[in-house]
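No lab work stands behind these numbers, since they all come straight from the coordinates. Because the structure is predicted, anything quoted here is derived from the model rather than measured. Cβ sites come from the backbone with ideal geometry, for glycine too, and all protein chains shown count toward neighbours.
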Amino acid sequence: MATPAATSAKCPSAKTLETLVELPKGWTFGSVECVKDWAGADPQGPTAGDGVYLFHLVTDTGWKYYGDGSGYDCKDLGLSEPAPFCIS
């Protein structure tokens, strides 16, 4: 069940995104950066690497977990502008 904040088109908070995934024990999201209908959350924790958790805003459904990794191709995400979670 989505919280109201999880369905907002505004950039979601780290706490909102934490409710959508099961992070390893002791981890949280630090910063969240948004470009259009995508949000990248920077994991913080004892063994966190340089990756990012990526979320996509789905119409009528809200923010959904897309995947995690060290970078995405903006073109594959339908973005024509640079984003901090894209490598190209």
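Highest mean packing first, where packing is the average number of other Cβ atoms within 10 Å per residue, the peptides 25-36, 70-81 line up as 25-36, 70-81. Between Ile87 and Thr47, the distance separating the two model label sites (each 7 Å from Cα on the Cα→Cβ line) works out to 2.2 nm.
Here the extension length gained between Ser70 and Lys25 equals 14.2 nm, from 0.36 nm per residue of separation less the Cα-Cα distance.
Explain nothing, just the number: dipole magnitude of the chain about its Cα centre with +1 on each Lys and Arg Cβ and -1 on each Asp and Glu Cβ, in debye rounded to the nearest 20. The partial results should precede the final answer.
Details: 6 positive and 11 negative charges, 45 e Å.
Charge dipole of the chain: 220 debye, to the nearest 20.
Multiplying each eigenvalue of the alpha-carbon gyration tensor of the chain by 5 and taking the square root yields semi-axes of 19, 18, 9 Å, largest first, rounded to whole angstroms.
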